[in-house]
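In what follows, a single structure is set out as structure tokens and then discussed.
Please treat every number below as a calculation from the coordinates, not as lab data. The shown structure was predicted, so the numbers you read here are calculated from the model rather than taken from an experiment. Glycine gets a Cβ as well: all are built from the backbone with ideal geometry, and neighbour counts include every protein chain shown.
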Amino acid sequence: MLLTFEGIDCSGKSTQARLLAERLQKDRTVRFIREPGGTRISERLRDILLDKRHLELTETCELFLFSASRAQLVAEVIRPALQRGEFVICDRYFDSTTAYQGYGRGIDREAIARINALATQGTNPDLTFVIDIPVDELEHRKQAAGQPVDRMESSGRQFYERVRAGYTNMARETQRIVMLDGTRPVQEIHDAVWSTLVLRNIIQS
Ligand code: ADP
Ligand code: TYD
């Protein structure tokens with residue numbers, strides 16, 4: 001079973017992905033993955049992608065590097081784990097490429113759909129949660145966290161507005177994607193995640 005978490009930066013996806021992984025782990029084998037990264041090669045590509053000195057990185061190169069990182073991760077980790085019948089929980093997956101490189105950067109979304117399919121060998125999530133927060137909330141959380149800004153995070157407010165609107169459109173287009181209000185308390189969001197899994201017959205209780 002492949003479950004993925006999506007949303008703009010600081011939406012609380014990692015918090016929710018971890019909470020779910022911890023709870024599922026009590027009686028199931030769970031693989032927790034963060035994108036980009038998760039393999040030796042993918043982590044090196046992550047460093048290139050997030051290094052804020054790489055100002056010359058083109059949008060097309062960015063698209064291929066995220067996809068290259070994912071191709072390695074799918075082949076090396078995700079598919080073998082799914083074949084063993086494990087639960088795989090991903091903090092970001094190919095919907096991030098559609099949202100950030102497609103809606104955010106403006107790259108042709110049909111081309112992105114083909115690249116996503118190639119990178120994942122058609123390995124699609126069974127269910128995806130988009131944790132939605134307004135861009136104002138992203139800025140508040142980022143300031144509160146006080147962490148240094150990476151290359152992607154230097155993209156500006158308008159960029160994040162496009163990415164957020166992209167996720168909203170994507171959630172409208174498919175039942176696979178469930179959108180949750182990320183401004184609610186952590187435990188409430190987790191409860192909504194859990195009940196969705198029960199409702200969709202992914203878990204029993
Ligand atoms: P992401 O993986 O989307 O970047 P994180 O889970 O790392 O998000 O959370 C980003 C920040 O927001 C952290 O400081 C975290 O404590 C805070 N946070 C996460 N979920 C919530 C929530 N539901 N309400 C308020 N703050 C939250
Ligand atoms: P990360 O520090 O993992 O951020 P977050 O905690 O928000 O997930 O950095 C990943 C960054 O890369 C984030 O800004 C989203 C972006 N990204 C893309 O633009 N395209 C992609 O396909 C993926 C996986 C991530």
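Does at least one position in segment 130-146 carry a residue that is within 16 Å of ligand 2 (Cβ to nearest atom), within 20 Å of Glu22 (Cα to Cα) and β-branched (Val, Ile, Thr)?
For segment 130-146, residues within 16 Å of ligand 2 (Cβ to nearest atom), within 20 Å of Glu22 (Cα to Cα) and β-branched (Val, Ile, Thr): present.
Kindly provide the set of residues from segment 147-184 that are away from ligand 2 (no atom under 15 Å from the Cβ) and of a type in the set (Ser, Thr, Tyr), ordered by number.
Listed by number, the residues that qualify are Thr168, Thr174, Thr183.
Against the condition within 16 Å of ligand 1 (Cβ to nearest atom) and not small (Gly, Ala, Ser), how does Asp95 come out, does it pass?
So Asp95 fits the description; yes.
Every residue in segment 171-201 that is outside any loop (DSSP other than H, G, I, E, B), surrounded by 14 or more Cβ atoms within 10 Å (Cβ to Cβ) and out of contact with any Asp or Glu (no Cβ under 6 Å at 6 or more places or on another chain), please.
Ala171, Ile177, Val178, Leu180, Ile189, His190, Ala192, Val193, Trp194, Thr196, Leu197
Just one of the numbered conditions (1) farther than 23 Å from Asn124 by Cβ; (2) within 16 Å of ligand 1 (Cβ to nearest atom); (3) of a type outside the set (Val, Ile, Thr) is not true of Gly37; which one?
Result: Gly37 passes all but (1).
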